[in-house]
Amino acid sequence: MEEKSKSKGICGWLIALVVLAAVVFAVVYTIKKKTSHDSGGPAPIPGPPGAVEKKYSNALKTAMQFFDVQKSGKLVDNQIPWRGDSGLKDGSEEGVDLSKGMYDAGDHMKFGFPMAFTATVLSWAILEYGDQMQAVDQLKPAQESLKWITDYLIKAHHDDNVLYIQVGDPEKDHECWDRPETMTAKRPLTQINTSFPGTEVAAETAAAMASASLVFKTTDSTYSSTLLKHAKQLFTFADKYQGSYSISIPQVQDYYNSTGYGDELLWAASWLYHATQDKSYFQYVIGDNGKAFANWGSPTWFSWDNKLAGTQVLLSRLSFFGSKDTSSNSGLQMYRKTAEAVMCGLLPKSPTATKSRTRGGLIWVSEWNALQHPVASAFLAALYSDYMLTSQTAELSCDGRSFRPSDLRNFAENQADYVLGKNPLKMSFLVGYGDNFPQFVHHRGASIPADATTGCTDGFKWLNSTDPNPNVAVGALVGGPFLNETYINNRNFSRQTEPSTYNSAVLVGLLSSARVRLFP
């Protein structure tokens, strides 16, 4: 009896072990199949925000602060100890309140064209990655910074066909080196209207208003409706009175010269369609205007001046997730194919990869403000990767070679890591992040002690000082390195050391996407 029971027990254990082994094998096989680069199946879909990648969340918190550094007007709950109220009388000479908004870069100018782009990109980041911002308590600061700009843009849209696009005279402004709190230079206004049109600025402002209306739709429906009303009016103005502001107002060519306005019209119409679901805006981008302005099949760089790549990725969203009649539209597919060409140009192992990059792997296009293009490109790559993942699109084909969403995500993270210090200089280009970051940022307020008394010209001693900035322009993304990966840490060398709000916007977008590690 005893021997028989023992035999039965051994047999039972053997069966259990065989079953367990089969289960383990099945699990391992499934995991390998899901994570294998060569597998044809879709990659795992990202879930809600999970384990936070600390370096990205810390960098996001740092980057977000630059918007506070750049604020004009009566500051509320000021978090920057060396900043105070400024620009309180901006616009008063013409009876408008343009005290809010943000200073463009290291100077005291308010340029409407790049400021509106800043708002559009910040809105996009919030709409796509607001839950991830919320996970590290950065959603509210992002919304507040966005509203600080859109409050200004609402006031700047003085009449249906009148938009103030600039506060200050850049020539006079650059003759001074003083703190914004004590600036004395005159602040003349520049506007576009039916006699002096500026389609690109009006359309970009319409895009900013339309995208922001989506951000505030559930939290402040009245404000959202106001933004949408202005967006529609501005788009009508931009489209009806077509003309470049660089031609209407030639003096803008020395600062934010426009290379064309067709991209802004498509960009604005795309955002208006997302905000309204009005098919007329969809028809605008896929019809004759798309044929005229979209430059299908030719990838471009995303920047304050050229919105085509951003438009292509944004409209690809409709291709991935839109209704059947929309997503299958042939015109929409042309935008998606061009977006794919943009992505293929970014992937370093793609047959069509751009050679415009440093030895350390940073996309490099321009000697001036070099970091704008790689950060903006990485933001678009992160978005496209997530569109592919969420729609269970397994692969992207680049001239016969296949890439997965993880390849785009890895590219985006590599660009972010370079900016944060993983580069030959071992330096973070994000001011205030890490142990080694630029100390001579080309920024007036940061370079002058808060208790200093300076006039317009005697403040230049602080520009020329060999001492590091007394104030940290926390969150500033400086211009960046040369192609040979050198960086001149000199306050006077603005092409490398000057930050801008639009740089911060694309960086916030990238860090909001990249801080959650989806791939090992």
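Here are some notes:
- Residues in region 127-163 reached by a label modelled at T222 [backbone nitrogen below 11 Å; 7 Å Cα→Cβ]: none
- Two-decimal log10 I(q)/I(0) for region 214-365, as the Debye equation yields it once each C-alpha is a single scatterer, q = 0.18 Å⁻¹: -1.15
- Protection proxy ranking of 67-75, 184-192, 265-273, by the mean of other Cβ atoms within 10 Å over each peptide's residues and highest first, is 265-273, 67-75, 184-192.
- Qualifying aspartates and glutamates (Cα of each under 16 Å from Cα of K324; at least 8 residues distant if same chain): none
- The calculated 222 nm mean residue ellipticity attributable to helices in the chain amounts to -16000 deg cm²/dmol, summing -39500 (n - 2.57) over DSSP H runs of n ≥ 4 and dividing by all residues.
- Averaging the sequence gap over all C-alpha pairs within less than 8 Å and six or more residues apart, then dividing by the number of residues, gives the chain a relative contact order of 19 percent.
- The apolar share of the surface of the chain, taken as the fraction of accessible area on carbon and sulfur atoms (1.4 Å probe, ligands and nucleic acids excluded), comes to 53 percent.
- Global form of region 265-308, assessed from the alpha-carbon gyration tensor, a/c cut-off 1.5: oblate
- Using C-alpha pairs below 8 Å separated by at least 6 residues, the relative contact order for region 156-289 is 25 percent.
- All-pairs Cα distance distribution in the chain, expressed in whole percent, bin size 20 Å: 22, 54, 18, 5, 2, 0
- Looking at the chain, the accessible area is 42 square angstrom per residue; that uses a 1.4 Å probe and ignores ligands, DNA and RNA.
- Expressed in units of 2.2 N^0.38 Å, where N is the residue count, the Cα radius of gyration of region 112-261 is 1.11.
- Shown is the FRET efficiency for A394 and N78, computed with R0 = 56 Å from the Cβ-Cβ distance and rounded to the nearest 0.05: 0.70.
- Ellipsoid fit via the Cα gyration tensor, region 276-408: semi-axes of 25, 18, 12 Å, each the root of five times an eigenvalue, largest first.
- Which listed pairs, of K89/K140; K232/K279; K140/K217; K55/K426; K89/K110, have C-alpha distances above 18 Å, in listed order: K89/K140
- Overall size of region 210-292 from C-alpha positions, given as principal axis extents largest first: 41, 29, 17 Å.
- Prolate/oblate/rounded label for region 57-158 (Cα gyration tensor, a/c 1.5): prolate
- Three-way shape call for region 138-219 based on the alpha-carbon gyration tensor, with the a/c threshold at 1.5: oblate
- Diagonalising the gyration tensor over the Cα atoms of region 391-516 and scaling each eigenvalue by 5 before taking the square root yields semi-axes of 37, 14, 12 Å, largest first.
- Among the listed pairs K71/K155; K74/K307; K61/K337, a Cα-Cα separation exceeding 24 Å is found for K74/K307; K61/K337.
- P(r) for region 454-520, from all Cα pairs and a bin width of 10 Å, is 17, 36, 31, 12, 3, 1 %, short bins first.
The values are calculated or read from the model by the stated rules, or taken from the named source; none is laboratory data. The model shown is predicted, which means the values in this text are computed figures rather than measured ones. Cβ coordinates were reconstructed from backbone atoms using ideal geometry, including for glycine residues, and neighbour counts include every protein chain displayed. Heads up: the accessible areas ignore ligands, DNA and RNA and are worked out on the full protein's heavy atoms, side chains in. Shrake-Rupley method; radii C 1.70, N 1.55, O 1.52, S 1.80 Å.
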